[in-house]
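Notes for the one structure printed next.
The values are calculated or read from the model by the stated rules, or taken from the named source; none is laboratory data. Just so it is clear, the model here is predicted, and its values are computed rather than measured. Note that we place each Cβ from the backbone using ideal geometry, even for glycine, and neighbour counts take in every protein chain shown. The accessibility values were calculated without ligands, DNA or RNA, using every heavy atom of the protein model including side chains. Shrake-Rupley method; radii C 1.70, N 1.55, O 1.52, S 1.80 Å.
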Amino acid sequence: METQQIKELILKELPTLMQQDSGLREWVLNIGRTQFADKAVTESRFDQMMRVIQQQMEEDRQSRERQARRWEENQQQLLELERKSDERWEEIQSEWKENQRKWEENQRKWEENQQRLLELERKSDERWKENQRQWEENQRKWEENQQVINEMLKSIRNLDKKYDQTLGALGTRWGLHSEDTFRNALSGILQEFPSGVEVIHVNEFDDAGEVFGRPDQVELDLIIRNGKLLIAEIKSSMSRGEMYLFERKARFYERRHQRTAHRLIVISPMVDKRAQEVAAKLGITVYSYTDEVNLTD
């Protein structure tokens, strides 16, 4: 019989034989005691193992409770984070929509401005072309006028000498260089103004020599309008020295009559450039033509 068959036979018949044969049972138990603990020792070990298991289970229970509390806390924190995240997300969404609206509005305005810019460029080009055309037209007319003017100037230059000779002869013959004649003519023109102007020619003697540095006659023209006194010098020409002299004559008249002139006026068609500078420095108003005189100030 083979070994495997023997093992199977023993496993099959041994339990029945141990129940029927006490000696065989004792013999088998003795053999097992060398390998396994007895009942008391086994129960003691079992109790210890159970206590260890119970302790381990208690520790596991406490650990699970702690884990459960932590999980619950984490759940609460997670829910709070989710709530805040949702709120922040809504804010971000709202801000994004607002930014999107502003961007679209700015885009619309940019497009409108772009259209305006294109329109302005178009109009600017049209105006530039029109100005260019007008400039070329004006340039052409100017050149034509310049040609006509040059021809006229040429004719005038040819007549200059003749006119100078003619005017010189007339001046000598009719006395146009006389200051009295010129003054009387302009005084008559001023008196015809519709504003009620009175022109008075005064001739006073400066016995102290304040004006000329020695006693002499001082002649002045006074213009009276609405009670205001204007001291005038009416001459066919005016030099720098004559401008200073007029100012001294006017101050002489003011001191003598204790009256301040409202304005000092020089009326002359020929005023030297240096005389103009002196007039500006002394506050004297200069008129080149009688019809330019303004007596309303």
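What to note about this one:
- A straight chain from Arg251 to Val202 at 0.36 nm per residue would run longer than the Cα-Cα distance by 16.2 nm.
- Added length on full extension, which subtracts the Cα-Cα distance from 0.36 nm per residue, Leu14 to Gln48: 8.9 nm
- Only protein atoms count toward the accessible area here, which uses a 1.4 Å probe; on the stretch 195-287, the carbon and sulfur part of that area reaches 46 percent.
- Given R0 = 45 Å, the distance between the Cβ atoms of Trp128 and Ser237 translates into a calculated FRET efficiency of 0.35.
- Probe 1.4 Å, protein heavy atoms only - accessible area per residue of the stretch 195-287 in square angstrom: 50
- Stretch gain in nm, segment Thr260-Asn150, where the contour uses 0.36 nm per residue and the Cα spacing is subtracted: 34.4 nm
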